[in-house]
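Here is the structure we will look at, set down as structure tokens.
The values are calculated or read from the model by the stated rules, or taken from the named source; none is laboratory data. This is a predicted model, so every value here is computed, not measured. Methodologically, a virtual Cβ is constructed for each residue, glycine included, from the backbone with ideal geometry; neighbour enumeration extends over all protein chains shown. Keep in mind that these areas ignore ligands, DNA and RNA; they rest on the heavy atoms of the full protein, side chains included. Shrake-Rupley method; radii C 1.70, N 1.55, O 1.52, S 1.80 Å.
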Amino acid sequence: MSSQRPSPIDAEAPPRNRRSDRNLLQRLGPYLRRDSRRLSIALLLLLPLAIAKAVQPMLVGQAVSVLRQEPSFPWLEAMAMTQAIQALVGLLLVTVVVGLLLQGLQSFMLQSLGQRLTARVRADLFNHALRLGLRFHDHTPVGRLLTRLTSDVEALAEVFGSGAIGILADLVTLLVIGITMLLIDWRLGLLLLGSQIPSILVVIEMQRRYRIANYRLREALSSLNGDLQENLQGLEVVQLFRRARRNSEQFRATNRTYRQAVDRTIFFDAAISAVLESVALVAVALVLSLGGWFVTRGTITLGVLITFIIYAQRLFDPIRQLAERFTVIQSGLTAVERIDELFLEPFDVVDRATTTPLTPQRSRGGEVVFERVSFSYRPDEPVLQELSFHVAPGETVAFVGPTGCGKSTVIRLLCRLYEPQQGRILLDGVDIRDYPIPVLRRQLGVVLQDTFLFSGDVASNLQLDEPLDRPTLEQFSHDLGLDDLLCRLPQGLDTELRERGGNLSSGERQLLAVAAVAIRNPRVLVLDEATAHLDPATEAKLQRDLNALLRQRTAIVIAHRLATVEASDRILVLQLGRLVEAGTHRELRARGGLYAELAELQEKGLIRL
């Protein structure tokens, strides 16, 4: 379990070099263009919807005027009162039905558009995260990354489902209602439109504060997810070392920080609603006061006053919705901002622009050369310092040395999981940076100490990216000595594996890992402490498979046990990132250097190489 805890969210702030909202939304432009037809239809429905909403209060006001026998539309005055009321009710019903149908169609298209957009963004974000180098993943907790791939992406669906287009709809509605009010009576129209100014100013300021609070909320949620993921992954350590109470206290602190961040966003959201409600009530009171005075003087009819009272309510509905949608938009922009930060993360390991589809030369068969390679994970802590060595085709070379001397780093650099700061690495006489990454890794077969198996059946874990038909896979399994293992499994190759192969033993997982590598027939075999956690019987079985796999292949071996090291053609001894000794087991024992000292300590059971 890591002892480092996330810093308090109050100390976290949105990035200093924020991109503008316009630049953030431009990130989504290519995704929206793929659904331009749906978007265009949704936009075209805005005007008829707004007209339907603007006409309804006017029809109610005309009904009041007809009942009071006040001046109304000329075509209504030509009808009898009963016919006029029936006509107005029919028109009102038509506008309601048409509005509901258009609203339903628009909502469906917008929700569909939002889901299609988020599905594409999530897929691209996932692919981007997979291509990012190990440097990024080393310092990014999995829980934080999952938050960006899930809840942050989901926020985009809200933006386009009820946010961005909704704001346009509200603006169009406000425009149509404003024009209609001014045409009916410009004095009351200006009064209502003027009452919007203070509410708009308050909303703008509150939204600015909400944006900052929402960013901190997202960061707090990332910390919360990171805590959950870390504790669930380290559950065995938590229970064995009785860390449950302490970790629960730490989680409560993280959870409290998240709750405080949520409370702050709720405060701004509630404040916006309260302000709008207050202004709406004041606007209605002003319309009643001024409009009532106009009615008593005969300047306007009671029907017109009723129309404006309804407009006062209708006018603030889009404002309320605008405030709510601005809240959604701010959440969405925060999510886009965080997603954009991930998209802007550079790839540490990329193909050169001049890379050609090279393949390693078969005549050389897996020659590996390190030329003055220097590397460090952090600038102040060098791991490898001008390391140079040569591995001939078909040679088995073992690396030994104290913990932290750089053995595993050699493998990571050879596989281009990291790039060296200095020097170069050659495979069959060609700089590995000149190979396309898939081609390079296709030539390297890596068996790690901690085997990772995916959820799924045994066959898919053996195939991975190798397109093999079932008869060929079965023949490979037989040739690789997997018959005993497959017979023990309930459905053989079709046996479903739990997460990380939890229903298999360590030895069985390692056997499958070796088989998956053997199927690919690599030129260079890399063994990173592949037998470190196996019992002697399983190790002997696995060692026989490895010996068969090592024939006529270049092999780079990192091992703790002398049995594996002694069988190597040559042993390279590393200390503090430098090559200090090289030779066979006997030569190095006779030399009496670091290797002899380490071997003697291991024979006494004091250390493992």
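Evaluate the following for F316: is it part of a helix (DSSP H, G or I), at pLDDT 70 or above, of a type outside the set (D, E) and within 25 Å of L193 (Cα to Cα)? Yes, satisfied. Looking across A119, A129, A84, A78, one residue alone is open to solvent by 70 Å² or more (accessible area, probe 1.4 Å) and of a type outside the set (K, R). It is A78.
For A271, state whether it is assigned to a helix (DSSP H, G or I) and under 24 Å from S199 (Cβ atoms). Here the answer is yes, as A271 does meet what is asked. Restricting attention to region 280-299, the residues that are free of Cβ contacts under 8 Å to residues at least 24 places away in the same chain and either among the small types (G, A, S) or part of a loop (DSSP other than H, G, I, E, B) (or both) total 6. Against the conditions (1) farther than 23 Å from V439 by Cα; (2) surrounded by 13 or more Cβ atoms within 10 Å (Cβ to Cβ), E499 satisfies every one except (2).
Checked against (1) touching a residue at least 60 places away in the same chain (Cβ under 8 Å); (2) open to solvent by 30 Å² or more (accessible area, probe 1.4 Å), S40 passes all but condition (1). Within region 91-111, the set of residues being open to solvent by 30 Å² or more (accessible area, probe 1.4 Å) and of a type in the set (G, A, S) comprises G104, S107. No other residue among F399, F375, F389 is in contact with a Phe, Trp or Tyr (Cβ under 6 Å, 6 or more places away or on another chain), modelled with pLDDT of 80 or more and not basic (K, R) apart from F389. Can you confirm whether region 481-496 contains a residue that is more than 32 Å from the chain's Cα centre (by Cα) and acidic (D, E)? Yes. Selection of region 147-170 for residues being among the β-branched types (V, I, T) and at pLDDT 75 or above yields T147, T150, V153.
Being open to solvent by 30 Å² or more (accessible area, probe 1.4 Å), of a type outside the set (D, E) and under 24 Å from H139 (Cα atoms) is a property that V202 lacks. Residues in region 216-235 include none that are assigned to a helix (DSSP H, G or I), open to solvent by less than 20 Å² (accessible area, probe 1.4 Å) and over 20 Å from T150 (Cα atoms).
Within the bounds of region 108-129, is there any residue that is at pLDDT below 75 and either charged (D, E, K, R) or under 30 Å from V60 (Cβ atoms) (or both)? Within region 108-129 (the criterion being at pLDDT below 75 and either charged (D, E, K, R) or under 30 Å from V60 (Cβ atoms) (or both)), the answer is no, since none of the residues qualifies. Within region 393-415, if we keep just the residues that are within 14 Å of V369 (Cα to Cα), assigned to a loop (DSSP other than H, G, I, E, B) and not acidic (D, E), the residue that is most open to solvent (accessible area, probe 1.4 Å) turns out to be P393.
Looking only at residues in region 43-75 that are farther than 30 Å from R120 by Cα and open to solvent by 70 Å² or more (accessible area, probe 1.4 Å), the one that is modelled with the highest pLDDT is I51. Taken over region 132-155, the criterion of being open to solvent by 60 Å² or more (accessible area, probe 1.4 Å), under 12 Å from the mean Cα position of the chain (by Cα) and not β-branched (V, I, T) is satisfied by L146, E154. Restricting I184, I177 to those that are crowded, with 19+ Cβ neighbours inside 10 Å, touching a helix residue (DSSP H, G or I) at 6+ places or on another chain (Cβ under 7 Å) and β-branched (V, I, T) reduces the list to I177. Note on region 417-436: residues that are of a type outside the set (D, E, K, R), over 20 Å from A555 (Cα atoms) and surrounded by fewer than 18 Cβ atoms within 10 Å (Cβ to Cβ) amount to 4.
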